[in-house]
Amino acid sequence: MKPNKLKNFISNCAKGVAIGVSMIIPGFSGGTIAVLMNIYDKLLEAVTGIFKNFKKSILFLLPIIIGAVLGFVGLVVPLEYGLSHIPLIIVSLFVGLIIGGIPFIYKKVQGKENLVSIIVGLCAMALTISLCFIKGGISIDFSSLNVGSFLYLILAGALASIALVAPGISGSMTLMVLGVYTTIITSLKEILSFENLVHNTLLLIPLAIGLVVGFFLMSMLMKYLLQKHTTSTYFAILGFIIGSIVTIYYVTITDEQYPVVFDAPNIIFSVITLIIGGVAAFLVERVASKKAGNIEEKEGE
């Protein structure tokens, strides 16, 4: 593998890891991370064009998928540990990363604002915030698998896949509302411990089928919207992302499993990690934007 190709492969793997990690934390969206890392449009292009440009699409998607799997499976335990001890600090770091990337997303539609796009953005923000007020979710017993539970898991995967494509919509929160989040996390932990392998594999297979099918269909829809209704779609993305910040903190503060301690050290360190995340994301985006600008200038010469 040539140095440049190896560099791109490692870079896309790292971006995939970030997407995978974001899927673990309730309230976070893999789509948001893809937008912030400036690979969202390329991701949609690769997914929707996989049959037309199979080799090119696979070469782009493969490192991201590998990274996402590694990020999700490899960091599920340490992140669970961090969330159980310092949830506000961990979450604030990720929120900072989101906030730091918002100005660069807005630049895509700056000066193109209109009443319709603003209304679309506000509706998207309201929809995202409303998700966190859905209490309890659905209660499903997956101790014994049948056709009904198999089909339900496919549906849950398809609905959760919306979060992989629509920035600001949390896949983990969607799974919580559907009553399968705890089951999936437990299954992954048991598989890593080589426990109940057959049962847990049968649980994950229909979910994976739903994720793949839903991801493909939603990617086609988002690509169409970005091409035909660019400004309104980006305002919707901004609305989803800004709304997700409210959702993330609400979920964190009200989570009974990982109670937040509001003492001085927690609040101070949370503010610090929020600032660190914001500054880091801003600087990374700024460097990336300059590099992209330099490449465009060279191509134009």
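The values are calculated or read from the model by the stated rules, or taken from the named source; none is laboratory data. It should be emphasised that the depicted structure is a prediction, and the values quoted were computed from it without experimental measurement. Neighbour counts are summed over all protein chains in view; Cβ atoms, including those assigned to glycine, are modelled from backbone coordinates with ideal geometry. Just the protein is used for accessible areas: all its heavy atoms, side chains included, with ligands, DNA and RNA removed. Shrake-Rupley method; radii C 1.70, N 1.55, O 1.52, S 1.80 Å.
Rounded, prolate or oblate: which one fits the stretch 26-102, using the alpha carbon gyration tensor with axes a ≥ b ≥ c (rounded when a/c is under 1.5, else prolate when a/b beats b/c, else oblate)? It is oblate, given that a/c is not under 1.5 and a/b is not larger than b/c. Taken as Cα centroids, the stretch 207-247 and the stretch 100-131 sit 13 Å apart, rounded to the nearest whole angstrom. The simple spin-label model puts a point 7 Å past each Cα toward its Cβ; for residue 85 and residue 271 those points are separated by 2.4 nm. Counting only protein heavy atoms and a probe of 1.4 Å, the accessible surface of the stretch 178-226 is 77% carbon and sulfur.
Which links in 56/112; 7/228; 56/223; 15/56 stretch past 23 Å when you go from one Cα to the other? Those over the limit are 56/112; 7/228.
Value of Rg to Rh for the stretch 34-74, rounded to two decimals, is 1.02; Kirkwood radius and Rg both from alpha-carbon coordinates. Counting only the Cα atoms, the stretch 33-161 fills a convex hull of 199 Å³ per residue. Sites listed here are chymotrypsin sites (Phe, Trp or Tyr not before Pro) in the stretch 41-116 whose DSSP assignment is loop and whose Cβ has at most 16 other Cβ atoms within 10 Å: 51. Rolling a 1.4 Å probe over the protein chains gives residue 199 an accessible area of about 60 Å².
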